[in-house]
1. Of all residues in the stretch 244-274, which are more than 23 Å from the chain's Cα centre (by Cα) and surrounded by 15 or more Cβ atoms within 10 Å (Cβ to Cβ)?
2. Consider Glu287 carefully, then state whether it is modelled with pLDDT of 95 or more and not hydroxyl-bearing (Ser, Thr, Tyr).
3. Pull up the stretch 99-132, narrow it to residues that are of a type outside the set (A, V, I, L, M) and buried (at least 19 other Cβ atoms within 10 Å of the Cβ), then point me to the one that is nearest to Thr49 (Cα to Cα).
4. Please go through the stretch 221-240 and pick out each residue that is in a strand (DSSP E or B) and either closer than 21 Å to Pro178 by Cβ or out of contact with any Cys (no Cβ under 8 Å at 6 or more places or on another chain) (or both).
5. Among the listed residues Arg68, Arg90, Arg42, identify the single one that is in contact with an Asp or Glu (Cβ under 6 Å, 6 or more places away or on another chain), assigned by TED's automatic domain parsing to the domain that holds Tyr175 and surrounded by fewer than 24 Cβ atoms within 10 Å (Cβ to Cβ).
6. Yes or no: the stretch 169-190 includes at least one residue that is among the acidic types (Asp, Glu), crowded, with 17+ Cβ neighbours inside 10 Å, more than 22 Å from Leu40 (Cβ to Cβ) and in the same structural domain as Arg38 (by TED's automatic domain parsing).
7. Consider only pairs whose beta carbons are under 6 Å apart and that are at least six residues apart or on different chains; among these, list those whose first residue lies in the stretch 186-200 and is under 8 Å from Glu227 (Cβ atoms) and whose second residue is of a type in the set (A, V, I, L, M) and in a strand (DSSP E or B).
Amino acid sequence: MSRNKTMTAEEVVGRLRSGMTIGIGGWGSRRKPMALIRALLRSDLTDLTVVSYGGPDVGLLAAAGKIRKLVAAFATLDSVPLEPHFGAARQRGDFELVELDEAMVMWGLTAAVHRLPFMPIRAGLASDVMTVNPSLRTVTSPYDDREELVAVPALHLDAALVHLNRADAHGNGQYLGPDPYFDDLFCEAADAAYVSCERIVETPELLKDAGPQSLLLKRAFVDGVVETPNGAHFTSCAPDYDRDEAFQRAYVKAARDPEAWREFTARFLSGDEDAYQAAVAAFHEEEA
């Protein structure tokens, strides 16, 4: 039986269904699986619940009207504090928002990984997180301390989408940058996980230039692998490339004007991934 899990982005999206809960790895405008997000934008999927440390993934899906419910700690472009499409969609009330503390998202994913209904934590106590999320409950420690803790519900995912620097065809994934961004939790909390990567390599090559601690994803928790060079663009994928700040500025400017956004969409998001990458290259030639 073949262990080859290589797929195309379109094949990944073909396994998703409207109404699913989808977790998206990365952090803000860093190492987001943008090629998979762009493939999702080209599909007719809708009514999604999205769990994310949000960035342009959330913004693009919100602009396309594909989100029914968002579970997030933030939605930022890092060098731009607030993701503009998220902000506009939130003001319009386009989706339900479950706004959690960053640690709550992490422990909610951890609870799902361990197949627990919730995880008791201190994060969120005596904060407005409890006020804006009246469905959150507290529990009392059964031990002598009798401490009151937040019972963060498990964030079980139907599918997870993440982007890493390297992977092999079997689903082992490696990050080479400064942070894993909880991508392993997203994958292990999901019924099915799909990883895009800058380059698919032979398994021994994953240990060639980095230590075993860089091997973030185990093949047992990955269902599909997609080779997508520059697939995190316009977010960063260190050390392969930094965030494309010039393109991000153009994205933000276009997001603030409906006509400009229609032009941006027609130029960059109307074709397949090859067309997107070619349009980005032409954009930089013009900028130069």
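1. Arg267
2. The answer is no for Glu287.
3. Among residues in the stretch 99-132 that are of a type outside the set (A, V, I, L, M) and buried (at least 19 other Cβ atoms within 10 Å of the Cβ), the one nearest to Thr49 (Cα to Cα) is Gly108.
4. Across the stretch 221-240, the qualifying residues are Gly224, Ser236, Cys237.
5. Being in contact with an Asp or Glu (Cβ under 6 Å, 6 or more places away or on another chain), assigned by TED's automatic domain parsing to the domain that holds Tyr175 and surrounded by fewer than 24 Cβ atoms within 10 Å (Cβ to Cβ) holds for just one of Arg68, Arg90, Arg42, which is Arg68.
6. Looking through the stretch 169-190, none of the residues is among the acidic types (Asp, Glu), crowded, with 17+ Cβ neighbours inside 10 Å, more than 22 Å from Leu40 (Cβ to Cβ) and in the same structural domain as Arg38 (by TED's automatic domain parsing).
7. Sorted first by the residue in the stretch 186-200, then by its partner, the pairs are Ser196/Val226; Cys197/Leu164; Cys197/Ala167; Ile200/Ala167.
Let's see how each residue does on (1) modelled with pLDDT under 95; (2) closer than 12 Å to Lys66 by Cβ; (3) assigned to a strand (DSSP E or B):
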residue	(1), (2), (3)
Met1	yes, no, no
Asn4	no, no, no
Val12	no, no, no
Ser18	no, yes, no
Ile22	no, yes, yes
Lys32	no, no, no
Ala35	no, no, no
Asp44	no, yes, no
Val50	no, yes, yes
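The values are calculated or read from the model by the stated rules, or taken from the named source; none is laboratory data. Bear in mind that the values here come from a model prediction, so they are computed numbers and not experimental data. Every residue, glycine among them, receives a Cβ derived from its backbone with ideal geometry; neighbour counts consider all protein chains shown.
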